[in-house]
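Input: a single structure, listed below in C-alpha cells.
Here, each number is a calculation from the coordinates, and none is a lab measurement. Worth saying up front: this structure is predicted, and the values here are computed from it rather than measured. Here the Cβ positions follow ideal geometry from the backbone for every residue, glycine too, while neighbour counts run over all protein chains shown.
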Amino acid sequence: MLSPVPEPLVRFANVRKSYDGTVDAVSALNLEVARSEFLTLLGPSGSGKTTTLTMLAGFERPTEGRIFVDGEDVTDVPVEKRGIGMVFQNYALFPNMTVAENIAFPLRVRGVSRGEMNSKVMRALSMVRLDGFGDRRPQQLSGGQQQRVAVARALVFEPRLILLDEPLGALDRQLREQMQYELKHLHQRLDVTMVYVTHDQVEAMTMSDRVAVFSTGALRQVDEPRRLYEAPASLFVARFLGESNALPATVRQHDGGSCAAALATGETVTAVMPVRCAPGSAVHLVVRPEKILLGKAAQASPNRFAARIAEVTFLGDQTRLRLVAFGADDFIVKLANTAGQETFAPGTEIDIGWQAEDCRALAE
Amino acid sequence: MNRHHATGIVMAFAWMVLGFLALPAFAVVPISFTDTRYLAMPDEHWSLQHWRAFLSNREWHDSIWQSLWIACVSTLGAVVAGTLCAIGCWRASSRWSERVRTAMILPMAVPTIVYALGIYRLYVDLDLVGSAIGIVFAHTVTGLPYVVLTVSASLANIDPRLEQAARGLGASVGQTLRWVIVPNVVPGILSGAIFAFIHSWDELIVVIFIGGRAFFTLPRRMWDGINDNLDPVIAVVATGMILFTLLVLSAELALRARRPRS
Amino acid sequence: MPSQSDTPTGWRPRHGVYWLIIMPALAMLVLLYLVPLADVLVTSVTDPKPGLDNFLLLFTSTSVQKTLLTTLRIAALTTFVALLLGYVVAYAMRAANSSQQRLMLFCVLLPFWISVLVRSFAWIALLSSRGPVNAGLMAWGLIDEPLPLVRNETGVLIGMVHVMLPYAVLTLYANMRGIDVRLVAAARSLGASRFQAFRMVFLPLTRPGLIGAGTLVFILSLGFYVTPALLGGGKVLMIAEYVAVQINDTLRWGLGTMLATTLMLSVLAALWALSRVLDVKRLFGA
Ligand SMILES: Nc1ncnc2c1ncn2[C@@H]1O[C@H](COP(=O)(O)OP(=O)(O)OP(=O)(O)O)[C@@H](O)[C@H]1O
Ligand SMILES: [Mg+2]
C-alpha cells in the first residue's frame, strides 16, 4: 500500500457512456495509462474505442464516472483546455492553411510569439521528415505525408498526451508498416504518452507497450502484448489475438491456478486456470497451434491424444496442419520450418500433445 | 453550460429569421377577411364581404382562366423542348453541347426587364403584342431553364454503365432511351414542369409589356390593383395564390421524396 | 476505355440525331431570346442616332446617376443583410438535427415559391401606417406615431431582403454542408476556443460560399423591379423601374435600352467573373 506507485497520467474511474440512454457504448471502464506509455485500444468495430478516446479528448462527456489526467479531474474541462494532442483518422488538416500554418495552429491559438512559433514549426517539420514542405497545401501531399503533418501538428505544442484514432487506416500496407515504425520511433525519442486506437492486432502488437482489448463496450484485458497472447484471460481475447484451438470442456476439479477438465469425448486434461471456475462449469480449453507437440515429443507430454492429419498447407516460413481430433476436424497445428523439421502427409495417424502450462481453461 | 448558451442564441436567432421568411406572406389571409374597406387586420369581426366581391367579379375570373391556360400551354412547350434538349446535350456530351446547356440558363440570369424590352420590340415588328401565341412563346422560352436544369440533374445521376448494360443486353438506342433513360428522368421532368408552371403563373414584367389590351393575367391585374387602389379584394386573390402555390409545392415535395437521391 | 461518346471531340455524324433533338429548344432560345437581347443592345447605340451618345448619359445625366447610385446602394445593403442573416440560418441548419433541418428547409423554400408580387403586397399591408406592425408597436407603447416603414428605402430593403434571403441561405448551406465537421473538432483539440475555431477554420472555409451567395444576391438585386416599385411607392427608383418608366411614359427608347444594356452587361460580367471561382450553374439550382 505504501510502496511509491507513480500516479498514472490518465485514469478512467468507472466511466460509462451512453449516447441514446438505452445502450452503453462504453460501460464500467477502469483504465490507467502510465506516463510515457504507448497504450493501444484494440477491439472489433463498434466496441467503444473511439468513444473512449473522444471522452478523453473532451469531445464527449461521460454519462457516469470521472476521468483524471495528471491527477486532475478533467471530466468537465472543455476540449481546448485539456492540452491533449489528437490525430484524426482522415487527418483533419485545415485545407485553408498551408502545411506550416496547420502545424503553427496550436501555437497561434496559444499566443506564442512569431519567432518561437517559426522555430518550433521548423523543428516539428524536420521531426516528421517534411523539411521544405511548409509552404504546400495539405491537398498537395500524399496520404503518408498528410499523416505526418497531422502528427507534427499534434506534437508541436508539446502536449502531455497524444491520442491517435486509427491514424494509419487510410494508408496502404507498405506505407502503414513504415509509419508504424516512424510513430514508434517518435514515441521513444520524445518520451511522450500516446494512446492509440486500431482494430489491427498486428499493428497493436508491433507498436504498444500495453494493449487494452475491448469488446461491446467493455474492457476485457489490459496487458503487454506478449502476456496478452500467452496468457489471455478470456476466450474472447484468446480468439481475437492470433489463432487458437478451443475445445469445450467441463471443470472436474481445481487446485490453485490449475484444473482438471473433461472433454466432451471423455478425455481428462490438465490446464492452467487463470480465473477460477467452480467444478461442473463449462469452459474452453485453449491451446495455441504452435504449442502443439507431435509424434515422439507428444508421447512424453502429460496431455496426449490420437489424431489424423487431414490437410497439410505449406506457407513458407511455417507449415500448417489441419487434424481430425476430439471429434472434430478443425484442430490446427503450426510448425516452424526449422532445419531438420520432418514432413507430414495427409491421412497419417499421429499422436498430439501439449505441456500443461500451454493449455488454458477459459470461460466465455 | 457555456456551449449550450452560444448554440441556443444562434438557434433562437435563426428561428426568428426563419419566421421572418415564412410568415409575412400569410398576413394576407386575415386581411382578406377584414371588415374594413382598406388594407388592415379585421377590426371588430371577420367579414366575408371581400370574398363575395371577388367571387362576383368577372374580371378576376377571366384573369385566373387566362393565367391558367397560358401557364399550362407554355409549360407543355418548355417541358417537351427542354427535355429533348437536356437529353441531346447529355448524349452529345461535347464542348458545344456544354455551351448550349450554359446558354440555357441565361433567361434565369439576365434581368427580366431587359428581356421585356427586347421581346416587346420584336413583337411590335411581328405584330404579336397582345396575342396569345406571343405570350405563350415568351413564357416557354423563359421557362426552358427550369426544365433543362432539373432534367440534366436527373440525367447526371444515371450511371453511364446502365446504358452500356442495356446496349450490351441487346437493346437498340431507341429501346434504351424508352426503357432505361426516360423512366429514370421522369421525376426530373415533373419537377421541371412544376417550376416552369409556377414561373409562368407568377410572371408579371413580360406580360406588362407584351400583354397589350387583351391579356390581363392574374399577376398583371393584381399589379394594376395594387398601383390603383389598395383594395382588400387583392388580399383575397393573394390568399388564393398562396394556397395554389402550396398545393403545387407539396406535389413537388412528394415527387422529390420518391426520387432516389444520388 | 471511355466510350466514344464521352470523348469531347463533339460534332460527328453519329451525333446528328442528338443535335436534332436539341434544335427546338436552341432555336427558340436564339430567335425568341438572344435576338431580342441583341436588339436591345443595337437599339442602345442607334436610337435616336448611331453613336455612344446614350452611354454618355451615364456620366452627364444627374437623374441617371441618382438612379444608379440608389440601385447600387440598395443592392449592396440587401446583399450585406441577406448574407448576415443567411449565414446564421445556414449555420443553424447545419447544426440542427434532421427533423429540425427539414422544417427549416421548408421555411426557406416556402417564400421562394410564393409569388414576389404576393409577398410585396403582403409587406405593404404589414408595414403600412395602419398595418399590424405599426399597430402592434403603438399598442405596446413603443411608439406614438406610426413609423414610415413603406414607400421609402426601409420598405424596399425589407422586401428585397425577404426575397433574396432564400438564395443566400441555400448557397451558404450547400457550401457549409461540404465542410468536414472534424476540422472544427480538430481545431478545438489543438487548443482553439469555440470562437477561435470558428474564426480561424470554419469562417475561412465558408469564403467560397460567401462570395457565391454575395455575388448572386447582388446581381439579382440589381435587376429587381416588382419589389422596389411596390414598396418604394414610386419614391425609390431603381434601375429596372427607371427603364420601364422611360419606355412606358416618356418613350425614350435610347435611354431605356442603354440602361438595360448596362444592367445586362454588368450582370453577365459579374457572373463570368464568378464562374472562374465556382460552378455558376450550381447557383441556379443545377
Ligand atoms: N455519436 C454517436 N451517437 C450515437 N451512437 C454512437 C455515436 N458514436 C458511436 N456510437 C455507438 O457507440 C458504439 C461504440 O462506437 P465507437 O465509435 O466507440 O466504436 P469503435 O470501437 O471506435 O468502432 P470502429 O472500429 O468501427 O471505429 C457503437 O455501437 C456506435 O454505434
Ligand atoms: Mg472508431
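A few points about this structure:
- Neighbour net charge for A:Arg114 - beta-carbon separation under 14 angstrom, K R +1, D E -1: +1
- On full extension, the segment bounded by B:Arg167 and B:Val29 gains 44.1 nm, given 0.36 nm per residue less the C-alpha separation.
- Global form of the stretch A:171-214, assessed from the alpha-carbon gyration tensor, a/c cut-off 1.5: oblate
- Gain on full extension, evaluated as 0.36 nm per residue between A:Gln140 and A:Thr348 minus their Cα-Cα distance, stands at 68.9 nm.
- Close Lys pairs in the protein assembly as shown (alpha-carbon distance under 18 Å; sequence gap of 8 or more, or different chains): 4.
- Inter-chain neighbour count for C:33-42: the average number of beta-carbon atoms from partner chains within 10 Å of each residue's beta-carbon is 6.
- Rounded to 10°, Cα long-axis angle of helix B:132-156 versus longest principal axis of chain B: 50
- Considering only A:Arg11, A:Arg148, A:Arg189, the Gaussian network model of chain A with Cα springs below 10 Å gives its largest mean-square fluctuation to A:Arg189.
- At q = 0.09, 0.11, 0.17, 0.18 Å⁻¹ the log10 of I(q)/I(0) for the stretch A:107-266 amounts to -0.45, -0.60, -1.07, -1.16, computed by Debye summation with a single uniform scatterer per C-alpha, solvent ignored.
- Taking other residues whose beta carbon is less than 14 angstrom from the beta carbon of C:Leu34, and scoring Lys, Arg as +1 and Asp, Glu as -1, yields +1.
- With a 10 Å cut-off around each Cβ of B:138-145, the average count of Cβ atoms from other chains is 4.
- Using a simple spin-label model with pseudo-atoms 7 Å out from Cα toward Cβ, A:Ala300 and A:Gln178 lie 4.8 nm apart.
- Where the Cα pairs of the stretch A:243-362 fall when distances are cut into 5 Å bins, in %: 2, 12, 22, 24, 18, 11, 7, 4, 1
- Compactness of the protein assembly as shown, taken as the C-alpha radius of gyration over 2.2 N^0.38 Å, stands at 1.28.
- Rounded to the nearest 10 degrees, the inclination of helix B:112-126 to the longest alpha-carbon principal axis of chain B is 80 degrees.
- Net charge over other residues, Cβ less than 15 angstrom from the Cβ of A:Pro8 (K, R count +1; D, E count -1): -2
- Computed over chain C with a Gaussian network model linking Cα atoms closer than 10 Å, the most mobile of C:Arg177, C:Arg94, C:Arg199 is C:Arg199.
- Once the Cα gyration tensor of chain B is diagonalised, semi-axes √(5λ) in Å: 39, 28, 17
- Estimated [θ] at 222 nm from DSSP helical runs (n ≥ 4, -39500 (n - 2.57)) normalised by residues in the protein assembly as shown, nearest 500: -17000 deg cm²/dmol
- Max-minus-min Cα coordinates of chain A on each principal axis give 75, 46, 42 Å, with the largest extent listed first.
- Förster radius 51 Å - calculated FRET efficiency between A:Ala231 and C:Phe55 (Cβ-Cβ, nearest 0.05): 0.05
- Normalised convex hull volume, chain C, alpha-carbon set, Å³ per residue: 224
- Our summary gives the stretch C:150-223 a relative contact order of 45 percent, counting only alpha carbon pairs under 8 angstrom and 6 or more residues apart.
- GNM top mover of C:Gln246, C:Gln101, C:Gln196 - chain C, alpha-carbon springs below 10 Å: C:Gln196
- Between the stretch C:203-260 and the stretch A:167-190, the alpha-carbon center distance in angstrom: 59
- Of the DSSP H helices in chain C, those whose Cα atoms cover at least 24 Å axially and whose Kyte score averages 0.0 or more: C:62-95, C:153-177, C:253-277
- FRET efficiency, 1/(1 + (r/R0)^6) with R0 60 Å, evaluated for B:Arg95 and B:Thr36 via beta carbons: 0.45
- Whole-angstrom Cα spans of the stretch B:124-262 along principal axes, big to small: 66, 39, 16
- Label zone at A:Asp131 (point 7 Å along Cα-to-Cβ), backbone N below 12 Å, the stretch A:166-190: none
- Part-to-part distance (alpha-carbon centres) for the stretch A:260-286 and the stretch B:176-244, which is given in Å: 82
- Label zone at B:Asn227 (point 7 Å along Cα-to-Cβ), backbone N below 14 Å, the stretch B:181-216: B:204-213, B:216
- Virtual spin-label span in nm between A:Asn337 and C:Arg94, 7 Å along Cα→Cβ: 5.6
- Additional length obtainable on full extension of the chain from A:Arg276 to A:Thr313, 0.36 nm per residue less Cα span: 9.6 nm
- Inter-centroid distance (Cα atoms) of the stretch B:71-113 relative to the stretch B:1-47, Å: 38
- Inter-label distance, A:Val112 to C:Ser63: 6.7 nm, where each label sits 7 Å from its Cα along the C-beta direction.
- Across the stretch A:19-30, computed HN-Hα scalar couplings (Karplus, 6.51 cos²θ - 1.76 cosθ + 1.60, θ = phi - 60°) run 7, 10, x, 10, 9, 8, 6, 9, 10, 6, 8, 10 Hz from first to last residue, x flagging Gly and Pro.
- Theoretical FRET efficiency, 1/(1+(r/R0)^6), r = Cβ-Cβ of A:Phe59 and A:Glu290, R0 56 Å, to 0.05: 0.85
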